[in-house]
Each structure stands twice: as structure tokens, then as C-alpha cells.
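The values are calculated or read from the model by the stated rules, or taken from the named source; none is laboratory data. The model shown is predicted, which means the values in this text are computed figures rather than measured ones. All Cβ positions, glycine included, derive from the backbone under ideal geometry; neighbour counts span all protein chains shown.
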Amino acid sequence: MPTALAVGLKCRECGHEYADAPKNVCEHDFAPLEVNYDYDAIRKSLTRESIGKRAFNMWRYKELLPEQEPVSGLTTGGTPLVHAKNLGRELGVKNLYVKFDGVCQPTLSFKDRVVAVSIARARRFGFTTVGCASTGNLANSVAAQAAQAGLKAIILIPKDLEPAKVANTQIYGATLVKIDGPYDDVNRLCSEIANDAKIGIVNVNLRPYYAEGSKSMGFEIAEQLGWRAPDNIICPMAGGSLINKLSKSFKEFEKLSLLEAAPKTKFWGAQAAGCNPITDAIKRRSDLIKPVKKPDTIARSIAIGNPADGYFAARLCLDSGGGGDDVTDAEIIEAMKLLARTEGLFTETAGGVTLGVFVKLLKAGRINKDESTVVCITGQGLKTLDPLYAPGVLPDAPVIKPTLAAFKDLKIA
Ligand SMILES: *Cc1c(COP(=O)(O)O)cnc(C)c1O
Ligand SMILES: [Zn+2]
């Protein structure tokens, strides 16, 4: 039974409409398909009052999602927006907020949002097996939520992912296949599998539904800011989907008259220097993406060389008056430490990219320090410990005899 509020799919380029189906590109121009909504119907049931009566998780905004009855990920979303006063003081920015998606999620990354929607849709389409091409976090989330929903999961990853991302997939009983090649090879293979086998691949044939789940992060940010969109938002980019959906979320809230003022957000995209196809285009003030053949960065979760939504992400950053930049592995680790030291928040490497890029943009005078800014931290540091184990990254703790004299000798207190 289709939901009454989400009405099929629509091509992002030519506007051609399609009935709901496990399908992600337009037959006419191969442009991506998006979920289409009946906003007049939604306006009747989605108000600040109705939202306020619901539990604080992503399903609070269910009318603006293509699925309204989750079969997994029931407690996904509802993550904190931290007013980062210590970090802001250090950087000289007053209205600084950190949206921390590394907690309050089944598998501790923003990917739980997209998976909750796509697993529900997979069940509705009658799939008994789901899968994904993943850089790590998606694998964890699909594995966990498929287990919850009683579906079989087949997950493909590049063969050299972080051990924590591998263990966090296999523990749920998912079938994991390691591919000898970078993520783009994994993704291409998954597209071939989706055409051939009856598998609901969440980020391939279910991608239009999957991507909508990201909007819930933007809805939460706007509500948490008192029904306002921020002046600036810094977002990590892998395939470039999340940043576009944040923009869509503010526009939809505006369309439904839920905001105090029309959104004028400048979008700033963040990537790692070792895999920067989108920020490279933005820096050339172009939307022409040149794929990166061999990504090389500790920010594995966002290392996608040929980003599916790269064109739209570059356009959004340029057209909104924002921009983008990228940071080295050393800058990523510095930023991870900075966030932990000032706010007590432990981000995975991807969040180090986001904060590192924010610091870089501030130093270059490109972000107005008097404006409100939200830094999106999309995953949990406990999943990417490996780079922190490298010599010299964290101090060697002294080992002493269990005596007060030995402690006093350290002269630390
Ligand atoms: C997947 C992912 C992103 C961004 O994904 P998009 O493909 O750009 O939507 C950002 N951060 C983390 C930690 C991720 O796992
Ligand atoms: Zn089309």
C-alpha cells in the first residue's frame, strides 16, 4: 500500500514522473530520480504543534519521508545540536553549533537515517534480501537494521576498510564480501547486481528513498535552532547526497510555513585532500566533476572518487554563496582532537574533515564570524581509532609504581 503523501518518483532534470519502483535513474536522460510529495496534503497534518507532540527522533517528520511506518531504526535521529561555546570561544565564533550524529543512533552514524527509510521501502517492495555498496558506516547500518527487520543482508565493501567497520558489520550476521578495488568498483558491481538479482540495494536501486532519510538531519537542525535555518552549514561530502538533502529539508520546511524566516543558508562542502572530486570542482568554480581514481585518506567513510550527486552538490555550494575546501590527514586529526578537547565530542575521521575545513575557511576569512554556523559531525570516533594509534598522534602515558611518591614525581598535580 503506497503512502498517500509520497506519490511516486520524479526525474530531477526533466520532471518525468514514475510510479513507485526500485529504480534510481530516469529512462530519458539518466538523471537521478527523487521522491515526489503531495505538499498540500502534508500541510494539513504537519504543523509545529503536531511535530511537538511526537517523540524526538527522525519519524517526528514522517509526512516528509517516503515511509511512515518504520520496520527498523525506530529510535534513529533525535541527535543533539550542541551550542559549541568552548570551541566557538577558541575560534572566535559566537553562534557555533555542532550537530552530532555520532550518538543516539543504532549504529552511531547519520547513515542510520537513510537506512531506516530504505529498509522499510525494501520490505514494502517485497525484497527479502537487502544490500549495499559501502565505505563502512552504511555497511554497519544495513547489517543492523536488516537484522532488526528480519531481512537477509549482503554487503560489499572495499577490501581494506577499518577493522572496526568490518566487525561492526559481521556481528549482525550479514554476509560481507570484500572487493579488490576502490569504492567506485564496489558501487559499479552493485549496480550490475541490482539489475541482475532480486536484491534491494539501498544506495543503488532504492537510492531515491534512501536519500530522503538524510533530510531528517536538516529538519532537526532547523527545529533545534528555533525553526530557523542557519546562515552557514558545513557538511562532509562522499557521494554528495547529504548536503543536497539538507538544502531540500530547509526548502520543504519553508514551503510548509514552518520557519521563522526564509532560509538563506550558505552551504560549504568538506572533503579530504586525498579524495576531493567535489571540492576540486567547487574551487575551480565549476560543476564538472573530475573523478579521483585512487582515493588516499584516513577519512575512509567519505572517500568516493566518482560521486553520484557530485554535480548537484557543487552547484548547491556555488549557487548558495558558500563554497568548499579540503584538508590533509594531519589537519583531520588536529580537528578531531580539537573537537574532543573543547566540546568532549569524539568524531570519526569524516567529522575531522568537516571541522578541519571550517577552521580553514575561517582562517581564510571566508565565513562571517558573526553569523550562525552549524558544523555537521556525521559519525562516531570509536569506529575510526586506527589513525590515532600511529606514533606521536596521542601522548605516551607514563607508567609508574603504585605509590604516592611516584605520582608526586610526575609533578602533574
Ligand atoms: C556517508 C557519509 C557521509 C556523506 O555521505 P553522502 O554520500 O555525501 O550523502 C558523511 N559522513 C559520514 C560519516 C558518512 O558515513
Ligand atoms: Zn529525466
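One table, with the values for the structure above:
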item: Residue selected from the range 1-45 under the condition among the charged types (D, E, K, R) and over 20 Å from residue 201 (Cα atoms), by the criterion farthest from ligand 1 (Cβ to nearest atom); result: 44
item: Answer residue from the range 377-413, given it is under 30 Å from the mean Cα position of the chain (by Cα) and of a type in the set (A, V, I, L, M) and is nearest to residue 351 (Cα to Cα) among those; result: 377
item: Residue 156 closer than 25 Å to residue 297 by Cβ, in contact with a strand residue (DSSP E or B) (Cβ under 7 Å, 6 or more places away or on another chain) and crowded, with 16+ Cβ neighbours inside 10 Å; result: yes
item: Any hit, the range 132-148, residues being outside the structural domain of residue 249 (by TED's automatic domain parsing) and surrounded by fewer than 20 Cβ atoms within 10 Å (Cβ to Cβ); result: yes
item: Qualifying helices (runs of 4 or more DSSP H) (wholly inside the range 310-385; at least 2 residues being acidic (Asp, Glu), modelled with pLDDT under 95 and more than 22 Å from residue 275 (Cβ to Cβ)); result: none
item: Failed item, numbered, when residue 203 is tested on (1) closer than 26 Å to residue 55 by Cα; (2) buried (at least 24 other Cβ atoms within 10 Å of the Cβ); result: (1)
item: Condition check for residue 318: touching a Gly at 6+ places or on another chain (Cβ under 9 Å), surrounded by fewer than 20 Cβ atoms within 10 Å (Cβ to Cβ) and among the hydrophobic types (A, V, I, L, M, F, W, C); result: yes
item: Boolean, residue 81 is more than 22 Å from residue 117 (Cβ to Cβ) and in contact with a Phe, Trp or Tyr (Cβ under 9 Å, 6 or more places away or on another chain); result: no
item: Which numbered condition residue 103 misses (of (1) within 14 Å of ligand 1 (Cβ to nearest atom); (2) touching a residue at least 40 places away in the same chain (Cβ under 8 Å); (3) surrounded by 19 or more Cβ atoms within 10 Å (Cβ to Cβ)); result: (3)
item: Hits in the range 225-238 (condition: out of contact with any strand residue (DSSP E or B) (no Cβ under 7 Å at 6 or more places or on another chain), buried (at least 23 other Cβ atoms within 10 Å of the Cβ) and more than 12 Å from residue 378 (Cβ to Cβ)); result: 229
item: Of all residues making up the range 242-286, the number that are part of a loop (DSSP other than H, G, I, E, B) and within 14 Å of residue 322 (Cα to Cα); result: 6
item: Filter result for residue 286 (without any contact (Cβ under 8 Å) to a residue 60 or more places away in the chain and away from ligand 2 (no atom under 16 Å from the Cβ)); result: yes
item: Extreme residue, surrounded by the most Cβ atoms within 10 Å (Cβ to Cβ), among residues of the range 18-36 that are within 12 Å of ligand 2 (Cβ to nearest atom) and among the acidic types (Asp, Glu); result: 34
